[in-house]
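In what follows, a structure is listed as structure tokens, so that the remarks can point back to it.
The values are calculated or read from the model by the stated rules, or taken from the named source; none is laboratory data. Just so it is clear, the model here is predicted, and its values are computed rather than measured. Backbone-built Cβ (ideal geometry, glycine too); neighbour counts: all protein chains shown.
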Amino acid sequence: ILLTLRNTGFLGSKKGKGGGYYLLKDPIEIHMTTVIRVLEGPIAMVPCVSLNFYEKCDDCPDENKCAVHKLMLQVRDSVLEVYRNNTLADLISE
């Protein structure tokens, strides 16, 4: 996980005595949407509602008429609302 966070620009590293990992940005600037996408991938539970990783579902003939699609849009938007309104600083302070 640390290497992934370093390779995606969240962490820097220092070798030697007193070395280790450190944040490259202030925690208040790091939104949870970005962290989740880096660590877990798409936020959406199904690919047909993903903002960044969209894929059409193989078994769905029409997304506009699909009740599951409509529900998953609501779920995605609710989850995004929570992630967008929280930063790494919010997690650290709790």
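Kindly establish whether Met72 is surrounded by 10 or more Cβ atoms within 10 Å (Cβ to Cβ) and either of a type in the set (S, T, N, Q) or in contact with a Phe, Trp or Tyr (Cβ under 7 Å, 6 or more places away or on another chain) (or both). If you could, list the steps in order and put the result at the bottom.
Working: surrounded by 10 or more Cβ atoms within 10 Å (Cβ to Cβ): yes; either of a type in the set (S, T, N, Q) or in contact with a Phe, Trp or Tyr (Cβ under 7 Å, 6 or more places away or on another chain) (or both): no.
No; evaluated as a whole, the condition is false for this residue.
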Item to check | So Leu51, is it within 16 Å of the chain's Cα centre (by Cα) and not in a helix (DSSP H, G or I) | outcome: yes
Item to check | Criterion violated by Leu5 - all others in (1) without any contact (Cβ under 8 Å) to a residue 12 or more places away in the chain; (2) in a helix (DSSP H, G or I); (3) surrounded by 11 or more Cβ atoms within 10 Å (Cβ to Cβ); (4) not acidic (Asp, Glu) satisfied | outcome: (1)
Checklist entry - Condition test on Ser78, is it modelled with pLDDT of 90 or more and surrounded by 14 or more Cβ atoms within 10 Å (Cβ to Cβ)? => result no
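For the stretch 37-52, does any single residue satisfy the condition of being among the charged types (D, E, K, R), surrounded by 15 or more Cβ atoms within 10 Å (Cβ to Cβ) and either on the phi > 0 side of the Ramachandran plot or free of Cβ contacts under 8 Å to residues at least 60 places away in the same chain (or both)?
Kept after step one, since they are among the charged types (D, E, K, R), are these residues of the stretch 37-52: 37, 40.
Filter once more, keeping what is surrounded by 15 or more Cβ atoms within 10 Å (Cβ to Cβ): 37.
In the following step, the residues that additionally are either on the phi > 0 side of the Ramachandran plot or free of Cβ contacts under 8 Å to residues at least 60 places away in the same chain (or both) were identified as 37.
Within the stretch 37-52, one or more residues are among the charged types (D, E, K, R), surrounded by 15 or more Cβ atoms within 10 Å (Cβ to Cβ) and either on the phi > 0 side of the Ramachandran plot or free of Cβ contacts under 8 Å to residues at least 60 places away in the same chain (or both).
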